[in-house]
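> Here you go, one structure.
Nothing in this text is a laboratory measurement; each read-out follows from the coordinates by a stated rule. Quantities reported herein were computed from a predicted structural model and do not represent experimental measurements. Here Cβ is always computed from backbone atoms with ideal geometry, including for glycine, and neighbour counts include all displayed protein chains.
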Amino acid sequence: MGNLNGKTAIITGGNSGVGAAAAILLAKNGANVVISARRQAALEEVAEKIKAEGGNVLTVPTDISKDDDCKNLMKAAVDKFGSIDVLVNNAGVLDTGLAPVDKFDDAELQKIISTNQVGTMQCIRAALEYMKEGSSIVNVASIAGVNGGGGAAYVSSKAAIIGITKHTALLLADKYIRCNAICPGTIVTPMTMNMKPENLDMRMMGAMNKHADLKLKPCMAEDVANIIEFFASDNSRAITGQIIVSDFGASL
């Protein structure tokens, strides 16, 4: 432990699931952690867990679909801890029913893209005002962006994150600022578990089952957090532009 001593890590969507697990793990490894989400109360619950174990944490309520919120998040981190060494773009929203491309709702599409894609890009842009050599950007995408298994709106947003990961890595390689993405498969988090079965598009579900071994166990938030911790640390300093699927081989 302690391989993140002195580093400052910002984690969006740090109020639950993967974001909370990553925040707790990075703090245990010595990082100053800045967690953001739209709900302050949920952020404080995670912050109390980090403080109870002696970690340093700052909570910043943020709606990443708003550019000014993204800029404020980065400034708050620097004002408190002096730097931004790690950015974990984890905040995201699901569609309500896995609607395929011939049935997607326009309003829902815009909501998902504004958070998952635009929000991620805005956070990267704002963070790069402060990032220096050796910094790491970790984007949490999804297996849906790799194999198309999901609602059309969600798939398009996660595929976009994969693209922007490669773009960012290519742009910043000579600055030695790395950017990688994690693509979890089926994952047990409050967000995924709250999906209502009656809203799911059965045609899309059937198509997805062709590309997933449902007998294998699902990914847990802590499994993804472990990969985030690796990408956040200098142990991954030579790795950039990579897309890592985390699903116990279910999509092979």
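> Determine the gain in length on full extension of the stretch residue 129-residue 103; use 0.36 nm per residue of separation and subtract their C-alpha separation, reporting nm with one decimal. Please list the in-between numbers first.
Values: separation 26, 0.36 × 26 = 9.36 nm, distance 3.97 nm.
That works out to 5.4 nm of additional length.
> About its Cα centre, how strong a charge dipole does the stretch 8-245 have in debye, to the nearest 20, once Lys and Arg get +1 and Asp and Glu get -1 at the Cβ? Write down the numbers at each step before the final one.
Values: 23 positive and 25 negative charges, 60 e Å.
Using Cβ point charges on Lys, Arg, Asp and Glu, the stretch 8-245 gives about 280 debye.
> For each pair in 51/166; 111/215; 103/158; 75/175, compute the distance between the two Cα atoms and list the pairs where it is over 28 Å. Present the calculation step by step, with values, prior to reporting the outcome.
Working: 51/166 35 Å; 111/215 33 Å; 103/158 18 Å; 75/175 21 Å.
Flagged as over cut-off: 51/166; 111/215.
> Then there is this: Using θ = phi - 60° and the Karplus curve 6.51 cos²θ - 1.76 cosθ + 1.60, what whole-Hz ³J(HN,Hα) does each residue of the stretch 6-13 get, with Gly and Pro shown as x?
Result, ordered by residue: x, 8, 10, 10, 9, 10, 7, x Hz.
> Then there's this: If you count, for each residue, the other Cβ atoms within 10 Å and average over each peptide, how do 55-61, 180-186 line up from highest to lowest?
Per-residue mean Cβ counts within 10 Å order the peptides as 180-186, 55-61.
> So how tilted is helix 40-52 from the main axis of the chain? Cα-based, degrees 0 to 90, rounded to 10.
The helix 40-52 is inclined about 50 degrees to the chain.
> Would you be so kind as to identify which of 84, 70, 40 lies farthest towards the positive end of the dipole of the chain, taking Lys and Arg as +1 and Asp and Glu as -1 on Cβ and the Cα centre as origin?
The Cα lying farthest towards the positive end belongs to 84.
> As an exercise, use a Förster radius of 41 Å and the Cβ-Cβ distance of residue 79 and residue 214 to find the FRET efficiency, rounded to the nearest 0.05.
Efficiency computed from Cβ-Cβ geometry: 0.30.
> Further question on the same structure: Pairwise over distinct Cα atoms, reciprocal of the mean inverse distance: report the Kirkwood radius of the stretch 114-189 in Å, one decimal place.
Value: 12.9 Å, from the Cα pair sum.
> Here is a further query. Considering the convex hull of the alpha carbon atoms of the stretch 47-158, report its projected area averaged over all viewing directions, in nm², one decimal. Show your work: numbers first, answer last.
Details: hull surface 33.7 nm².
One quarter of the hull surface, i.e. the mean projection, equals 8.4 nm².
> On to the next question. Report, to the nearest 10°, how far helix 67-81 tilts away from the longest principal axis of the Cα atoms in the chain, using its own Cα long axis and a range of 0 to 90°.
Rounded to the nearest ten degrees, it is 40.
> Can I ask one more? Of the options 228, 155, 104, report the single residue whose Cα projects farthest towards the positive end of the charge dipole of the chain (beta-carbon charges: Lys, Arg +1; Asp, Glu -1).
228
> Taking just the C-alpha trace of the stretch 8-245, give me its Rg and Dmax in Å.
17.0, 51
> So how tilted is helix 152-172 from the main axis of the chain? Cα-based, degrees 0 to 90, rounded to 10.
Value to nearest ten degrees: 40.
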